[in-house]
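Single-structure report; data block below.
The values are calculated or read from the model by the stated rules, or taken from the named source; none is laboratory data. All values derive from a computational prediction rather than experimental measurement. Counting neighbours? That spans all protein chains shown, and the Cβs are built from the backbone with ideal geometry, glycine included. We work out accessible area using only protein heavy atoms, side chains counted, and drop any ligands, DNA or RNA first. Shrake-Rupley method; radii C 1.70, N 1.55, O 1.52, S 1.80 Å.
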Amino acid sequence: MKKRKKEEKKQSKREAIEFMNKAEESFDRGEKEKANYYVRKARERAMNSNFRFPKEIKRKFCKHCYSFLKAGVNCRVRTREGKVVYYCMECKKYMRFVLPKR
């Protein structure tokens, strides 16, 4: 019973990461709505399996409107006071991430 649950969790993790890759591909093709759909599906899979996205993936979608972000296209990236600030041009909200100290 426990092995089956572990396998399901691993499968959900793989699916979540796969959905994020699909989101990136569809955004590059110009299908913004499809990319946002894949982000939502990836989040659902991650939440169902209690999986936290790695830092690189977390910064690819907006925490407020869950739209896929691409720097320079629909997202502005700045550094300020020891933080990286992402500004989503879809919902006009900011996300701040701490820069690692050297």
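The residue that is farthest from Lys101 (Cα to Cα), counting only those in segment 64-88 that are among the polar types (S, T, N, Q) and at pLDDT below 95, is Asn74.
The residues of segment 77-102 that are among the basic types (Lys, Arg) and farther than 23 Å from Ala42 by Cα, listed by number, are Arg78, Arg80, Lys83, Lys101, Arg102. Phe53: within 30 Å of Arg102 (Cβ to Cβ) and of a type outside the set (D, E, K, R), yes or no? For Phe53, the condition - within 30 Å of Arg102 (Cβ to Cβ) and of a type outside the set (D, E, K, R) - is met. Here segment 89-102 is the region considered, the condition is being touching a Phe, Trp or Tyr at 6+ places or on another chain (Cβ under 8 Å) and within 12 Å of Cys65 (Cβ to Cβ), and the residue that is least open to solvent (accessible area, probe 1.4 Å) is Met95. Annotation: Ser49 fulfils all but one of (1) at pLDDT below 95; (2) touching a Lys or Arg at 6+ places or on another chain (Cβ under 6 Å); (3) open to solvent by 60 Å² or more (accessible area, probe 1.4 Å); the unmet one is (3).
For segment 1-34, filtering for residues that are of a type in the set (Lys, Arg), closer than 18 Å to Asn74 by Cβ and open to solvent by 90 Å² or more (accessible area, probe 1.4 Å) leaves 2. The residues listed here are Tyr86, Tyr37; of these, the one that is within 14 Å of the chain's Cα centre (by Cα), of a type in the set (Ser, Thr, Tyr) and open to solvent by 60 Å² or more (accessible area, probe 1.4 Å) is Tyr37.
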